[in-house]
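The values are calculated or read from the model by the stated rules, or taken from the named source; none is laboratory data. Note that this is a predicted model, so its numbers are computed, not measured. FYI the Cβ positions are ideal-geometry reconstructions off the backbone, even for glycines, and counts take in every protein chain you see. Keep in mind that these areas ignore ligands, DNA and RNA; they rest on the heavy atoms of the full protein, side chains included. Shrake-Rupley method; radii C 1.70, N 1.55, O 1.52, S 1.80 Å.
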Amino acid sequence: MGKASFVIRRSLQLVATFWAVGTVLFFLFRLMPGNPTSFVISPQMTPEARRQIIESYGLDEPMHVQYVKFLQNAITLDFGQSFHSNAPVEDVILTYLPNTLVLMLTAFVIAYAFGITLGVLSGWYRGSRFERSTVITALLARSVPSFWVGLMVLWVFGSMFNLIPMAGMTSPGIEHENFLTMVLSVDFLKHLVAPALVLAYYFMGYPLLIMRSSMLEVLSEDFIDVCRAKGLKERTIMFKHAARNALLPIVTAAAIALGYAVGGSVLIETVFAWPGIGREMVRAVLRRDFPVAQGTFMVLAATIILLNFVADLAYGYLDPRVTYD
């Protein structure tokens, strides 16, 4: 199978996956108990007014008709209007998604910068106390629930020592002209530090362990002995030759990890009251706001699916030995 055939096959799988995710989301939310119109219909309304509101949201139509319309609208990225705020779902997503991306990308960069560096050093100094401590740190980072770490950080550094803000991403009463000026402000950075570092600690274990394993494989190659025979410095061999060749699994895994990083924002955004898309998704589910819940779920699912697709393509591009059989 050639590369073109592989891309076509993966693209078809991509479409099938999107359809499956959308179908599950559609029926899952409609099978949940509770009335989705309870936030917009008042008991004081007349039966005629209630009927008109239900018709305006298309909830009076048969299930199969709603399903077909949902798929048609999903193709054009039209997820309808929120039952709660009556705002278009696209506006809700565009309001909260940038906040999530700033938090996730900051944590992701910190995690991979420290994770790769520690992975290189732990693989180079195999059998040392440093390696044992870094491996234990990585395992703890992947094992301890991130929400528990977040709560401990808030309790110690927020409540006891008052060093970090307890919630939100800006202080009350502070307004900014636009999103960029807010992100570049000192007040925003103070609110960003705690949730970003907690997430970075959780994400760090993944690249650290992968980089360590990859380094151990590379260090057994013959070209490392050749570099030493040439009289190259140990630091040069470690970073310029060994680490450079060990980066391939990290590069391809990073795309997948980034997708899960965006999707894994729910707990941290809830703990730190960060107004992101993950927290809004939870609130939409609790108040039975189907359009917002479906739209946010689809955005997160699409991010993970597309980045998996990018990782598949990147692996073949970065490693010429990969064949598309």
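Here are some notes:
- Residue-normalised accessible area of the chain, expressed per residue, 1.4 Å probe, Å²: 55
- The aspartates and glutamates within cross-link reach of Lys233, meaning a Cα-to-Cα straight distance under 13 Å and a gap of 8 or more places when in the same chain, are Asp225.
- Heavy-atom accessible area with a 1.4 Å probe sorts Met104, Met160, largest first, into Met160, Met104.
- Three-way shape label, segment 96-144, alpha-carbon gyration tensor, a/c 1.5: oblate
- Cβ-derived FRET efficiency at R0 35 Å, Glu217 paired with Val15, nearest 0.05: 0.45
- For segment 146-242, applying the loop criterion from DSSP together with a ceiling of 16 other beta carbons within 10 Å to the trypsin sites (Lys or Arg not before Pro) yields Lys230, Lys233.
- At an R0 of 22 angstrom, the distance between the Cβ atoms of Phe157 and Thr270 translates into a FRET efficiency of 0.75.
- Expressed as a whole percent, the accessible area of the chain that falls on carbon and sulfur atoms is 66 (1.4 Å probe).
- Accessible surface, 1.4 Å probe, highest first, among residues Trp124, Trp148: Trp148, Trp124
- Length-normalised contact order for the chain - Cα pairs under 8 Å, 6+ apart - percent: 28
- With the charge dipole of segment 157-300 set up from +1 on Lys and Arg Cβ and -1 on Asp and Glu Cβ about the Cα centre, the Cα lying farthest toward the positive end among the listed residues Phe223, Gly205, Ala273 is that of Phe223.
- Of (i) 20.9, 65; (ii) 19.1, 63; (iii) 24.2, 89, the label for Rg and Dmax of the Cα atoms in Å derived from the coordinates: (iii)
- Accessible heavy-atom area order of Phe26, Phe239, Phe297, Phe203, highest first, probe of 1.4 Å: Phe239, Phe297, Phe203, Phe26
- At the residue level, Arg279 shows approximately 70 square angstrom of accessible surface with a 1.4 angstrom probe and all protein chains present.
- Exposed-site-free run, longest, the chain (rule: GluC sites (Glu not before Pro); DSSP loop; at most 14 other C-beta within 10 Å): 1-174
- At R0 = 51 Å, FRET efficiency that the Cβ-Cβ distance of Ile136 and Asp60 yields, to 0.05: 0.30
- Residue among Gly119, Gly173, Gly80 with the largest mean-square fluctuation in a Gaussian network model of the chain, springs linking Cα atoms under 10 Å: Gly173
- Net charge of neighbours whose Cβ lies under 12 Å from the Cβ of Leu139, counting Lys and Arg as +1 and Asp and Glu as -1: +3
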